[in-house]
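Colleague: I have a structure here, written as structure tokens, and I will follow up with some questions on it.
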Amino acid sequence: MGLLSNKIEREQLNPGDHIYSWRHVYIYAHHGIYVGEGMVIHFTRRAGQEIGTGTVLDHLLISSPPSHAIDTPCPRCGDQTRNDGVISSCLDCFLSGGDLYLFEYGVSPAFFLAKARGGTCTLASSDPTEHVLHRALFLLENGFGSYNVFKNNCEDFAIYCKTGLLLLTSINVGRSGQAASCLAAASAIVSSPLRFMTTSFSGLSLVGCGMYCVSRLVSDVGVRSDVTKVPVEKIAEIAKED
């Protein structure tokens, strides 16, 4: 594991690790918390409802549910294709045929920016393993609110389990590095007033890259000022208020 890839082998896993696996040829990654004995706790949305738009996009971005044929369910997990919310799956079901990657915590700003793709690391520090496992197991029983691909998704769930950090406001994108990268890319393309200061292709590329990097960095949970530490026992109360 390093700058180019966070890929690891199963033998390297430890309870409390935040892991992920890419779906649809690196379009989207699904995240979860490894809790030991080959099991992963993760936050899902039912197949065909990933975005909740009621359009074909919901079927193209199916990242969460374990992929087993209905007539041949996993002998350990059963048929989980219709499950949603916080669930527990074996590692094979969680990976759904993909490779295993480890999300990194406490990285430097330089390392964070060098990882051009969001959803792989954060400047925020992880809490001790016992706190991470307590949050994941508590949320398995009590839920993590309503799934939202931009504000409350599987990566947000895993980051909360690792850090205990939640947003103070609901008007912005969640803690997800993937969602932040998408918005940063859009911002760099269409909303930067600096793009009018140059007409050369290289100049436009440099401005766009700079805007993308700045937007990603300021959106990271380890930098943002609109996050606070929330006890896991308060999550159910917060979810009822939303």
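Colleague: Want the number for Thr72 to Thr228: 0.36 nm per residue separation, take away the alpha-carbon distance, what's left? Mind showing how you got there, number by number?
Modeller: Details: separation 156, 0.36 × 156 = 56.16 nm, distance 4.35 nm.
The Thr72-Thr228 span can extend by a further 51.8 nm.
Colleague: So what are the ³J(HN,Hα) numbers for the range 136-150, from phi and the Karplus equation (6.51, -1.76, 1.60; θ = phi - 60°), rounded to whole Hz, Gly and Pro as x?
Modeller: Going residue by residue, I get 4, 5, 5, 5, 4, 8, 10, x, 10, x, 8, 5, 9, 4, 9 Hz, with x marking Gly and Pro.
Colleague: Residue separation times 0.36 nm, minus the C-alpha to C-alpha distance between Ser5 and Phe150: what's the value? Please list the in-between numbers first.
Modeller: Working: separation 145, 0.36 × 145 = 52.20 nm, distance 2.43 nm.
Length gained between Ser5 and Phe150: 49.8 nm.
Colleague: What list of ³J(HN,Hα) values in whole Hz, one per residue of the range 83-91 in order, does the Karplus curve 6.51 cos²θ - 1.76 cosθ + 1.60 (θ = phi - 60°) give from phi, with Gly and Pro shown as x?
Modeller: In residue order, the calculated couplings are 7, 8, x, 8, 10, 10, 9, 5, 4 Hz.
Colleague: Compare Thr122, Thr228 by solvent-accessible area with a 1.4 Å probe and give them largest first, with all protein chains kept in place.
Modeller: Working: Thr122 0, Thr228 50 Å².
Ranking Thr122, Thr228 by accessible area, largest first, yields Thr228, Thr122.
The values are calculated or read from the model by the stated rules, or taken from the named source; none is laboratory data. These numbers come from a predicted model, not from an experiment. Please note that ligands, DNA and RNA were not included when accessible areas were found on the heavy atoms of the full protein model with its side chains. Shrake-Rupley method; radii C 1.70, N 1.55, O 1.52, S 1.80 Å.
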